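These notes concern the structure reproduced below.
The values are calculated or read from the model by the stated rules, or taken from the named source; none is laboratory data. Since the structure is predicted, the reported quantities are computational estimates derived from the model, not experimental observations. Methodologically, a virtual Cβ is constructed for each residue, glycine included, from the backbone with ideal geometry; neighbour enumeration extends over all protein chains shown. In case anyone asks, the SASA skips ligands and DNA or RNA and just uses the protein heavy atoms, side chains included. Shrake-Rupley method; radii C 1.70, N 1.55, O 1.52, S 1.80 Å.
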Amino acid sequence: MKELDGQVALVTGGSRGIGLAIAQELGRAGAKVAVVGRNGEAAESAAASLEGSGHRGYSCDVSDADAVQAMMADLKTDWGGIDFLINNAGIIRDRTLAKMSREEWRAVMDVNLDGVFYASKYGLEVMRDGGAIVSLGSIAGIVGFFGQANYASAKAGVMALMRVLSRECGKRNIRANAVAPGVAETPMAATIQGSGRHTLFSPLTDR
């Protein structure tokens with residue numbers, strides 16, 4: 001038997017980049033993986049590509065609280081609940097603070113911070129005791145890269161949120177942690193000007 005046989009893992013933003021890599025590793029470990037993405041076809045395709053069987057793709061915008069709650073209800077119906085929640089979905093709208101629009105600020109906060117809140121809140125309602133939440137923070141939330149006031153603030157908030165949840169979920173033996181990766185070569189990172197692999201402490205993202 002594999003390490004995670006019989007367990008269910010949900011990965012937001014799981015159809016590409018870091019999220020897809022996480023989903024692939026969970027599949028190799030034997031978990032049934034729910035791949036979540038705004039593009040349902042991409043999520044289903046990613047789920048079908050994973051090692052093992054029984055994986056499923058779900059279409060959901062994590063910035064929509066009602067949609068997240070409905071998706072979690074579907075997961076409860078489909079699989080009886082979840083054991084792991086990976087909060088990976090994220091977007092970037094890089095610009096200096098002086099030039100950043102309110103819409104650019106709000107869009108990043110809606111997905112990168114509010115989305116983690118919604119997925120964690122409603123995910124805990126269907127998570128079995130002894131489960132785990134892992135959320136993607138970022139080195140940007142620690143260092144504060146130029147042009148990323150919205151992204152860095154959201155990621156710092158994610159890391160703080162996980163510290164709180166680690167205390168609140170202890171009575172159910174549910175672990176809550178954040179990881180803070182550096183820059184990775186992914187489709188999102190490739191859209192950022194000057195995001196060469198040798199550039200350090202530049203205004204990059206980890207997606």
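A few points about this structure:
- With all protein chains in place and a 1.4 Å probe, the accessible surface of the chain carries 51 percent carbon and sulfur.
- With 10 Å bins beginning at zero, the pair-distance distribution over Cα atoms of the chain amounts to 9, 36, 36, 16, 3, 0 %.
- All lysines inside 18 Å of Lys171 as judged from Cα atoms, apart from same-chain residues fewer than 8 positions distant: Lys121
- Proximal lysines relative to Lys2, as straight alpha-carbon distance under 19 Å, when same-chain residues fewer than 8 apart are discounted: Lys32
- Volume per residue for the stretch 110-169 equals 67 cubic angstrom (convex hull of Cα atoms).
- GluC sites (Glu not before Pro) within the stretch 8-109, DSSP loop, no more than 15 other Cβ atoms inside 10 Å: Glu51
- Charged neighbours of Leu50, selected by a Cβ distance under 14 Å, balance to +2 (K, R count +1; D, E count -1).
- Most mobile listed residue (Ala34, Ala67, Ala154) in the chain, GNM with C-alpha springs under 10 Å: Ala67
- Taking the stretch 128-155 and a reference point 7 angstrom along Cα→Cβ of Thr96, the backbone N atoms nearer than 19 Å belong to 144-153.
- Surface accessible to a 1.4 Å probe, per residue, for the residues of the chain, Å²: 49
- Crossing angle, helix 65-79 versus the chain [Cα axis fit, 0-90 degrees, rounded to tens]: 30
- Computed P(r) (all Cα pairs; the stretch 19-128; 5 Å bins; percent): 2, 13, 21, 22, 19, 11, 6, 4, 2, 0
- Between amide H atoms placed 1.01 Å from N, distances below 5 Å from Tyr58 occur with Val35, Val36, Gly37, all of them 5 or more places distant or on a separate chain.
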